[in-house]
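One structure is given below, encoded as structure tokens.
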Amino acid sequence: MKQKINLLGASIVLLLAFITMPLQAVNIENGVSKQLALYRADNLRDISYSLSFTVPDELDKPVSFFETLRFKWLGHEDLQIDFQGAASQIDGVIMVNGKAVDALVRNEHIIIPSHYLNLGENKVLIGGVSGDKALNRHEDYLYTLFVPDHARSVFPCFDQPDLKAQFNVELDLPEGWVSLTNDTERPIPTYLFSFTAGKFQVQPAIRDGRELTALYRETDPDKVAQLPAIFDQVALSLQWMERYTGIDYPFEKYGFVILPGYQFGGMEHPGCIQFTDQRMFLGPNPSADERMSRLNLIAHETAHMWFGDLVTMRWFDDVWTKEVFANFMADKISREMFPGVNHDLAFIKTHYPVAMSTDRTQGTHPIQQPLDNLNQAGLLYGNIIYHKAPIMMRKLEQEKGADALRLGLRSYLRRFAYDNATWDDLINELDKFEPEHSARSFSNVWVKQKGMPVISCEMDADGDMDIIQRDPWGRGLTWKQGFDVAGLNASSSIDDVKPVYMYSNRVMTSLPAGSTPALNVNGEGYGQFVIDAQAMPLLADAWRTMPNDMNRYAAVLNLNENFHMGNLTAGQLFDMLFNFLSHEPNELIASTTSDFLSALLSRLDASQRYTAEGRMFNMAQSHNLQSVRQSLLRLLSLQAVSPEIIDRFYDIWKNQDSPILNNRDYTRMAYHLAIMRPGQWDAILATQRERLKTDDERSEFDFISRACNPDEQVQQQLFDELLQAENRHVEPWARSLLALLNDPTREPYSNRYLEPGLDALEEIQRTGDIFFPGYWLSSLLGGHHSPEAQQIVKTWINTHPSLAPALKNKLLENAYWLLLQ
Ligand SMILES: [Zn+2]
């Protein structure tokens, strides 16, 4: 009874507060706050933008815009239109419903006083000049990239994903430029609006009666000749998506641009998709990974046309939903197009090691994260969204069943077509099918909580065993999932395999008495699977000879994870993985094993390391698989420190006589050699520059290669330049430069960059593209291994307690190896 009285009291107080307090006004603050977004979503309807942009010939003159913005208004407050830029960029007078109004710009918003607005239809005319940041301007081309909230730096708009609008765009361009835009009859949010213009080659194609268009700058005929294959993969991806969803391609046209120096893999502007040339145009002798990676990228962006573009998240806290479905579909499409590949293995290889590389760190976070202001949205992106979410999705499909999942997704796409929805809206749709397998309770752990389980076993003399799942964050969560356990006998072969489903934190099973238990032998389990010290040598040996690919992959993953748990030293793991790799016949398993091996190099002491590099180099000459020889050569050519191996690479680079390396490899090798041989640095760079074929290649080289200068004052100066946003204009170049300045061989001098590099973090996040804070941190920290560097970073973290949690997570994630020692 007491509780009830309290509740009644509370509701009376609330009611009084409601009557006496005025409604809270919407704050005018930088960015797009959730409060503003909710208010506008309630009060704006039928938005359309008619835009014209004038692009001058000269790069140093600004792009100007003129805009007609139409909308229905239901609100009573002053209207905030987002514009990130100086007040002086907006023409002094704007027209609101035919009346001239002085432009009032405050905290990244143009304010229209309420008395100028009609309840109902409104028309606002605004002119001005655009900021360059999201225009990606180059000498003879530009492309816009607005995700998540950069449209507002180019033209005034309602820059939130649930205010979809119609776009109409006219471009006034320099002589000889072509363009591709995605103005569409269909409503899209501002982050999906885009145009590209400049000197591009245009290639049209028809597939299945559909017109496709490609824009590209590549001039190498071998690469351009890959376009028909790219169109084929686009067409197959479209067919597949139409079949799976039961919904026709939702937009009028399908075009894409292949860009050099592009900061993402791709971006899903409908009708105007952007792709990086690095993954689309393959060099000679592409590896299996590179071929799959291209298809995956095409399929991923195509799947977004339904998941993200047709149905869009309401707010960027659910940005991962579009990514998870794009990946989920891309994996399914890859299954069909590369039937000879073991896709379960490919899936695990693509996602598990990367997801775990973040999930094991102190910087990990739930798949779904809160977001108060869109200007923080970039921090939500990362390995958890791109790699753990697909694992979660695969497990959700296993939990619900493939048919129920597909029915739920179709129902979701139909219900929210050309509209917005949250993850919880989707869960509701999914649980309309097979409700006894609740997507909601599954999601509450896998999606809404961070981390992964630690799983171990206890076995008695009779072979009865308990499999125990522990939550390393102490919350007692249960990650529902299935995996296989096996018993190994004394002769190292499998006696028995048992599937286990972790519906609770302790599950019983049994194996033949006296056998050695091996957990997660099929690799499906996600988490840290403990191998005890006694079982370790037997398992390491047994796994290597198992005939099943999944068993061997799982072993590599489990062994590596036991190193991270402290159950193995770097030297022990190196030996195990090296033996493993020397016999490994499968390219995918070998690829991950090579990556793990190379990551261990910096954990070895100098003499161990020289030996290890020598062994890897020999294997790079002798392994049966070309892909292993290639990846070992590549990995080693960027990290080797042993003088003997450096000599060998110098010869390879000088003669360019390795048939399995390409121009890009030789360029990166030149950077490393120039650093390792400071006496010859300028000669090495001059030779490499001579070999470059295009202006784009030379611009990139001229920017990055400066870091190879052995003069420490020059290095310091380059670092100082990077602290200025305008020198980070081409982000992939900036991060390469930063990584070379922080090359492991440059400690302790490079330790002086750590503090200012971290101090710049908030500014980097404000001015850079969405992945850039993470890239900045990995380039800044990745080459440091010394206790001094560790101390600097620890001190910095301790003295910055108010750093935004998402930014702190990014830092802890990228400082993982440095903080590990
Ligand atoms: Zn995506």
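The values are calculated or read from the model by the stated rules, or taken from the named source; none is laboratory data. Everything quoted here is computed from the prediction, not taken from an experiment. Backbone-built Cβ (ideal geometry, glycine too); neighbour counts: all protein chains shown. Just the protein is used for accessible areas: all its heavy atoms, side chains included, with ligands, DNA and RNA removed. Shrake-Rupley method; radii C 1.70, N 1.55, O 1.52, S 1.80 Å.
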Open item on the list: Just to confirm my numbers, what's the Cα centroid distance between the stretch 371-387 and the stretch 218-248 in Å?
Closed with: 29 Å
- [ ] Rounded to the nearest 0.05, what FRET efficiency do V641 and E397 give with R0 = 45 Å and r taken as the Cβ-Cβ distance? Could you check?
- [x] 0.50
Task: Pairs from K133/K693; K332/K400; K199/K693; K164/K450; K448/K480 whose Cα-Cα separation, in the structure shown, is over 25 Å - done: K133/K693; K164/K450
TODO: Could you tell me the accessible area of I28 in Å² (1.4 Å probe, neighbours in place), rounded to the nearest ten?
DONE: 40 Å²
Task: Contact order relative to length of the stretch 185-331, as percent, for alpha carbon pairs under 8 angstrom and 6 or more apart - done: 21 percent
Open item on the list: Give me the percent of accessible area attributable to carbon and sulfur for the chain, probe 1.4 angstrom.
Closed with: 51 percent
Task: Shape of the stretch 386-458, Cα gyration tensor, a/c cut at 1.5 - done: prolate
- [ ] Report the net charge of residues surrounding D466, where surrounding means a beta-carbon distance below 15 angstrom and charges are Lys +1, Arg +1, Asp -1, Glu -1.
- [x] -2
Open item on the list: I'd like to check one number: the per residue accessible area of the chain, probe 1.4 Å, reported in Å² as a whole number.
Closed with: 40 Å²
Open item on the list: Helix-only estimate, please: 222 nm mean residue ellipticity of the chain, summing -39500 (n - 2.57) across DSSP H runs of length 4 or more and dividing by its residues, to the nearest 500.
Closed with: -13500 deg cm²/dmol
Task: Overall form of the stretch 379-535 per C-alpha gyration tensor (a/c, 1.5; a/b vs b/c) - done: prolate
Task: Label point at D605 placed 7 Å out along Cα→Cβ; residues across the stretch 558-578 whose backbone nitrogen lies under 20 Å - done: 566-576
